[in-house]
Amino acid sequence: MEISKPTPRTRGQRGLLKDFVEMPMDILYEILCELDPIDLLNLARTTKALRAVLMSRLSMFIWKSARSHIAGLPECPDDLNEPQYAALMFDTRCSVSYICETLFSL
């Protein structure tokens with residue numbers, strides 16, 4: 001009798017976004033323009049390729065489009081770029097506390 005090895009379990013399906021940036025850029029831009037700012041932030045944190053696309057200065061129109069979906073949201077201040085403004089308004093993480101925890105835990 002042959003004993004088979006159990007298949008390894010993974011949480012969710014991994015690697016589904018790896019080919020996302022391989023689609024034509026105009027289609028990718030159309031999809032990204034329909035998302036909310038927090039969704040763009042979360043996507044930018046998933047892969048290096050998506051981060052490169054979303055953090056490019058050429059892609060700021062995507063962030064502006066995402067911001068336009070939020071009623072009553074003020075314009076982006078001059079001293080912040082669009083991703084910084086999205087993080088300030090919608091991200092639940094505090095980057096200052098993270099930096100302080102990292103520095104003082106040494």
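Please treat every number below as a calculation from the coordinates, not as lab data. The structure presented is a predicted model; accordingly, all values stated were derived computationally and were not measured. Neighbour counts are summed over all protein chains in view; Cβ atoms, including those assigned to glycine, are modelled from backbone coordinates with ideal geometry.
Projected label points at Glu30 and Asp91, each 7 Å from Cα along the beta carbon direction, are separated by 3.1 nanometres. Extent of the range 20-104 along its three principal axes (Cα atoms, max minus min coordinate, largest first): 45, 31, 19 Å.
Counting other beta carbons within 10 Å of each residue's own, what order do Thr92, Thr47 fall into, fewest first?
Working: Thr92 6, Thr47 15.
Fewest-to-most ranking of Thr92, Thr47: Thr92, Thr47.
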